[in-house]
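K.L.:
Take a look at the following structure, please.
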Amino acid sequence: MLNTNALHNALNILISLSALLVAILLASGCTQLATGALECSQSSISPMITAYAIAGLGALKILVNIGRDGLSGLIKPQPSVQK
């Protein structure tokens with residue numbers, strides 16, 4: 001059986017790493033405009049790749065939650081962890 005908790009945690013890590021990729025974009029030549037948009041004509045990495053990665057990982061995480069707990073599981077309180 002699929003360990004959805006491990007998958008959920010792996011997705012959390014990947015989402016955090018994608019935030020690191022945004023930081024790398026800024027460090028590699030992208031600048032953030034006053035509107036909040038990234039201007040990356042001097043960067044070798046496209047911000048569109050980062051945006052797709054973040055959106056895809058977030059959507060996958062939600063789908064894992066729905067598959068594990070059903071649609072109502074997205075809003076129900078989670079039980080406390082048993083030690």
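Taken together, the values in this text are just the output of simple stated rules run on the coordinates, not laboratory data. Here the structure is a predicted model, which is why all the values come from computation and not from measurement. Neighbour counts are summed over all protein chains in view; Cβ atoms, including those assigned to glycine, are modelled from backbone coordinates with ideal geometry.
K.L.:
Which condition number in (1) surrounded by 13 or more Cβ atoms within 10 Å (Cβ to Cβ); (2) without any contact (Cβ under 8 Å) to a residue 60 or more places away in the chain is the one that Ala55 fails?
P.N.:
Here Ala55 clears every test but (1).
K.L.:
Could you figure out which of (1) of a type outside the set (Lys, Arg); (2) surrounded by 13 or more Cβ atoms within 10 Å (Cβ to Cβ); (3) assigned to a helix (DSSP H, G or I); (4) in contact (Cβ under 8 Å) with a residue 12 or more places away in the chain isn't true of Gly29?
P.N.:
The failed condition is (3).
K.L.:
Pick from Ser43, Ser18: which is over 22 Å from Leu71 (Cβ atoms), surrounded by 13 or more Cβ atoms within 10 Å (Cβ to Cβ), small (Gly, Ala, Ser) and in contact with a Gly (Cβ under 6 Å, 6 or more places away or on another chain)?
P.N.:
Numbers: Ser18 fails: in contact with a Gly (Cβ under 6 Å, 6 or more places away or on another chain).
Step by step, each of Ser43, Ser18 is checked, and only Ser43 is over 22 Å from Leu71 (Cβ atoms), surrounded by 13 or more Cβ atoms within 10 Å (Cβ to Cβ), small (Gly, Ala, Ser) and in contact with a Gly (Cβ under 6 Å, 6 or more places away or on another chain).
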